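> One structure is given below, represented as structure tokens, and several questions about it will come after.
Read-outs: derived from the displayed coordinates by stated rules, not from any lab. Small disclaimer: the values here were computed from a predicted structure and weren't measured. Cβ coordinates were reconstructed from backbone atoms using ideal geometry, including for glycine residues, and neighbour counts include every protein chain displayed.
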Amino acid sequence: MNKFFGRYDVIIDEKKRLTLPAQLRKKINETTLYLTQSLDGDCLWLFSPEKWDELIRDKVEKNTDLFSDEDRSLMRRLIGHSYEADIDKSGRILIDKTLCDLAGIQKNCWVIGQLDYIEIWDAERYLQYEESGKSKENVAVTSRNISNRIKRDKGLD
């Protein structure tokens, strides 16, 4: 599976169709992808069928419990808002109006490769996320955690 990376400026047309950037589209060997709301609700996530099945099978099904309120909430967000998005001959996917509304997607978007999946952000919302400081805080914490794991794995802790 090819990895997705980069940030691309994209405009969603009035019919809520988004043209996938050519650089990403050439790495997609599918005609149907899976689209859902991100867990934080700030953007949309786009998966290949293979990665979607892996996420659902290995992460969600194996680690959730039908009798848990929290688990059901996660499943509603991730699975309840998901649908198959067919890529048309022009390389576009139709984004459900409800998903656009949930993620605050208007017209100007950023499509961001995230290795195994793609994020679709309203451009203004992404800038607000960056300006909020949340992104910098998360990067700092995650960098420390990765550094600690690397040191531990090398016996340097």
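> Of the residues Ile105, Ile146, Ile56, which exhibits the maximal mean-square fluctuation in a Gaussian network model of the chain defined by a 10 Å Cα contact cut-off?
Maximum fluctuation in the GNM of the chain, among the listed residues, is at Ile146.
> Can you tell me how much longer the chain between Tyr83 and Lys3 gets when fully stretched, taken as 0.36 nm per residue apart minus their C-alpha distance, in nm with one decimal?
Length gained, Tyr83 through Lys3: 26.6 nm.
> From the Cα gyration tensor of the stretch 7-123, with a ≥ b ≥ c the square roots of its eigenvalues, which class applies: rounded if a/c is under 1.5, or else prolate if a/b is larger than b/c, or else oblate?
Here the stretch 7-123 falls in the prolate category.
> Spin-label point model (7 Å from Cα, Cβ direction): what's the Arg144 to Asp40 distance in nm?
The two pseudo-label positions are separated by 1.7 nm.
> Just flag the trypsin sites (Lys or Arg not before Pro) in the stretch 42-91 sitting in loop per DSSP whose Cβ has no more than 10 other Cβ atoms within 10 Å.
Here the sparse-neighbourhood loop sites are Lys89.
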